[in-house]
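S.K.: Please see the structure below; I have some questions.
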Amino acid sequence: MIQTARLTLRRATWDDLDATHRLFSNSVVMRYWSRPEHETLEETRRWLRELVEPGPDSLDFLIEKDGVVIGKAGAWRLPEIGYLLHPDHWGQGLAQEAMTAVISHLHRIRPELTHLIAEVDPRNTASLRLLTRLGFVETGRAERTMQWRDEWCDSIYLRRDY
């Protein structure tokens, strides 16, 4: 568990199914994720399994504020990091607070890591600004890297060295 001034970042449990489904079934939350929102609880259950029973390179955390799950932050597969935050909590510096704590935690428990990477849809300007503030720099771009429903999306790749 990681504690910040306003947040608790903790590992997921099966009791988090409903809370994570509220996030992953929200089309605004999922707009720039690697896939559209979850349509069923079963989709979320399959995804949650990866958090509850993580692989060796998975260090993902649920973000809680005042005891309520409001997002996810961490590394699904190191060295790639990512985060999601419910729109009710955008614009308050919470994503930066969570990711600053995650980056520090990853460096502390995995000192062999030389860098972290991230992939962002170029239209997601808020995430690009946040990652820049966190020390990430652009390393490349690619077109049509991901299909989101009927739409092809591009990618910007970023890296942060330790």
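The values are calculated or read from the model by the stated rules, or taken from the named source; none is laboratory data. What you are looking at is a predicted structure, and each value in this text was computed from that prediction instead of being measured. Reconstructed Cβ throughout: ideal geometry from the backbone, glycine too, with neighbour counts over all protein chains shown. Surface areas here come from the heavy atoms of the whole protein model, side chains and all, with no ligands, DNA or RNA. Shrake-Rupley method; radii C 1.70, N 1.55, O 1.52, S 1.80 Å.
S.K.: Select from the chain the helices, each a whole stretch of DSSP H, whose alpha-carbon atoms run 18 Å or more along the helix axis and whose Kyte-Doolittle mean is at least -0.5; answer none if there are none.
M.R.: Those that pass (Cα extent of 18 Å or more, hydropathy at least -0.5) are 94-109.
S.K.: Near the amide H of Asp60, under 5 Å away, which other amide H atoms are found, from residues 5 or more places off or on another chain, if H is placed in the peptide plane?
M.R.: Ala75
S.K.: Still on this structure: In bins 10 Å wide, starting from 0, what share of all Cα pairs of the stretch 80-162 does each bin hold, as a percent?
M.R.: 16, 46, 31, 7, 0
S.K.: Any idea what the alpha-carbon Rg over 2.2 N^0.38 Å comes to for the chain?
M.R.: 0.99
S.K.: Peptides 13-25, 108-120: what's the order by average Cβ count within 10 Å, highest mean first?
M.R.: 13-25, 108-120
S.K.: Over the chain, what percent of the accessible surface lies on carbon and sulfur atoms, probe 1.4 Å?
M.R.: On the way: 4300 of 8680 Å².
After summing per-atom areas, the C and S share lands at 50 percent.
S.K.: Give me the log10 of I(q) over I(0) for the stretch 18-87 at q = 0.13 Å⁻¹, as the Debye formula computes it from C-alpha points; what are the numbers?
M.R.: Debye curve over Cα of the stretch 18-87, log10 I(q)/I(0) at q = 0.13 Å⁻¹: -0.34.
S.K.: Would you mind working out the magnitude of the charge dipole of the chain relative to its Cα centre, with +1 at each Lys and Arg C-beta and -1 at each Asp and Glu C-beta, to the nearest 20 Debye?
M.R.: Details: 22 positive and 25 negative charges, 90 e Å.
Approximately 440 debye in magnitude.
S.K.: Along each of the three principal axes of the Cα atoms of the stretch 62-119, give the extent in whole Å, ordering the values from largest to smallest.
M.R.: That gives 35, 22, 17 Å along the principal axes, largest extent first.
S.K.: Per residue, how much accessible area does the stretch 10-154 show when a 1.4 Å probe rolls over the protein heavy atoms, in square angstrom?
M.R.: Normalised by residue count, the accessible surface of the stretch 10-154 is 53 Å².
S.K.: Ranked highest first by average number of other Cβ atoms within 10 Å, how do 63-71, 28-36 line up?
M.R.: Sorting 63-71, 28-36 by mean packing, highest first, produces 63-71, 28-36.
S.K.: Amide H neighbours of Met146 under 5 Å, counting only residues 5+ apart in sequence or on other chains, H built in-plane at 1.01 Å?
M.R.: Cys153
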